[in-house]
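Worksheet: one structure, shown below.
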Amino acid sequence: MTILNRYRPWLWSGLLWLTLTPAMAQSAPAPDTTPTSPERPTIENQRWEENWAVLADPSLRTEPLDALKYIPLSPDPDVYLSLGANARERVESFDAPVFGVGHQKSGTYLLDRLEIDADLRIDGWQAYVQLQDDRAAGKPTVTPVDADMLDLEEAFIAYVGDVGDGVLKLRAGRQEFNFDLQRFISARDGPNVRQAFDAIWGDYEIHDWRIISFASHPTQYRDITVFDDYSDSNLVLDGFRVERRALGPGDLAIYYLRYQNDMARFAAVSGMERRNAVDIHYDGKTGQIDFDAEFMGQQGTIANRPLLAWAFGGRIGYSFPRPAYTPSVYVQVDAASGNTSRNGTYGTFNPLFPNGYYFPLAGLTTYANLVHVKPVFSISPAQGLSVDVGLGLQWRQTTQDAIYTIPTQAIPNTLGRGDLWSAAYLQLDIAQKINAHITVSAQIVQYQVGETIRRAGGHDTDYAMVQLSLAW
């Protein structure tokens, strides 16, 4: 038992107290929030992006233990240490992982994530460390994305400074990053264990332009002992990205990736994988309509065979012009290539490092040999409450390839068999933001499978989860 696990109940109790107290307390009148008045930072998905220097103003220290959120180290307000924590408890019930094909076991289990971080700022320099401890109590089959006992989630040195008319940002060490809607590059917040990269990162922002370059070895996760996660030269992700804001009604990003995996496994081939990927992403809003479109093409080799693959993701939505309930609708369309040749060019798309939140958390849908259409209706019937209902329809791009689950796990006995139709699912998402620190959410998904999966030994699938998230 690790030290962090031994004191986990105390940490949970303390974090719950810290997050509930601001909501229950009868505090003094709120400080002035005019544009000239500083405000408390918003808690971010990436905690290192928060800047707590504003707590140098005593009038903003309104919550318990703000003395630990901002620990001044000199008269300069930009020299300080900040401590933080996240906790997430999720109960999942899954009656048929991989649609019940093979030896997958159903069950109801608890996914538990605890993170503690320390952020040191000295003018433009930053040293950030975040520890994680992730558990999967009662889960029948535990994978590297489910459990990772006490380990280093992030640890890096960063610098931010003005260079010419722009801002230069540098980071070196273990870090998390993501792009756009996290279809292909993400911090993987959906599963229990997030994805980090041992990387060197640099970007330069000037006017409406941003240029990013990075070289990384994605972190590989083990749950054998403490501090045993690692990265090595067998898995590589390097990239170069250019962003242009305010180009027409939206923002444009174009980037190149170099991906290397010496131990790749797909339905029809295994071996050394080399992919060069070019991605184009454009998103924005005009009037009541918002949109997001992304295309990635991949070229390279796998097991000494030539490789050529592609994927597309798009969303277009409409928000009704009424303040009550803020209803909106959107349609999501996704497609990814499958392999159409047994001996020639290999065509299965690799989604790289996708986020489980983009498709349902059940992990039964992924960007590999896929055509996917999902209309979604959203409504906010109360303050902080959102309700989404969606209907997903799935086909294969080609029957010559298998049906895949996330990230690229082929369903046995579907390679080259059956028809294009895969499944349909109904998805319900409910989230209630209690305050700045507490969110309660739930997701229910019901899959109706097609004949191809049934003939492979699968059946209809139900997935449900309830989640409590705390952040201090």
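Here, each number is a calculation from the coordinates, and none is a lab measurement. Owing to the predicted nature of the structure, the values given are computational and were not obtained by experimental measurement. So basically every Cβ, Gly included, is an ideal-geometry build from the backbone, and we count neighbours across all protein chains shown.
Being under 22 Å from Glu273 (Cβ atoms) and in contact with a helix residue (DSSP H, G or I) (Cβ under 9 Å, 6 or more places away or on another chain), is that true of even one residue in segment 356-367? The answer is yes, given that some residue of segment 356-367 is under 22 Å from Glu273 (Cβ atoms) and in contact with a helix residue (DSSP H, G or I) (Cβ under 9 Å, 6 or more places away or on another chain). Each residue in segment 422-472 was checked for being more than 19 Å from Glu92 (Cβ to Cβ) and of a type in the set (Phe, Trp, Tyr), and 1 of them qualify. For segment 97-146, residues that are outside any strand (DSSP E or B) and aliphatic (A, V, I, L, M) total 4. Cβ-Cβ contacts under 6 Å between residues 6 or more apart (or on different chains), taken from a first residue in segment 176-191 that is over 20 Å from Arg90 (Cα atoms) and touching a residue at least 24 places away in the same chain (Cβ under 8 Å) to a second residue that is assigned to a loop (DSSP other than H, G, I, E, B) and aromatic (Phe, Trp, Tyr), are listed as Arg183/Tyr358; Ile185/Phe179.
Gln383 passes every criterion in (1) touching a residue at least 12 places away in the same chain (Cβ under 8 Å); (2) over 22 Å from the mean Cα position of the chain (by Cα) apart from (1).
Scanning segment 170-180 for residues that are surrounded by fewer than 19 Cβ atoms within 10 Å (Cβ to Cβ) and in a strand (DSSP E or B) yields a total of 2.
Restricting segment 433-472 to residues that are in a strand (DSSP E or B) and among the hydroxyl-bearing types (Ser, Thr, Tyr), which is surrounded by the fewest Cβ atoms within 10 Å (Cβ to Cβ)? Talk me through it step by step, then tell me what you get.
Of the residues in segment 433-472, the ones in a strand (DSSP E or B) are 433, 438-449, 461-471.
The next check asks that each one be among the hydroxyl-bearing types (Ser, Thr, Tyr); those that pass are 439, 441, 447, 461, 463, 469.
Details: Thr439: 18, Ser441: 16, Tyr447: 25, Thr461: 23, Tyr463: 22, Ser469: 19.
Among those residues, the one meeting the criterion is Ser441.
When the residues of segment 264-314 are filtered to those that are closer than 25 Å to Leu235 by Cβ and among the polar types (S, T, N, Q), which remaining residue is surrounded by the fewest Cβ atoms within 10 Å (Cβ to Cβ)? This residue is Asn304. Scanning segment 63-120 for residues that are closer than 24 Å to Ile444 by Cα, touching a helix residue (DSSP H, G or I) at 6+ places or on another chain (Cβ under 9 Å) and of a type in the set (Ser, Thr, Tyr) yields a single hit, Ser106.
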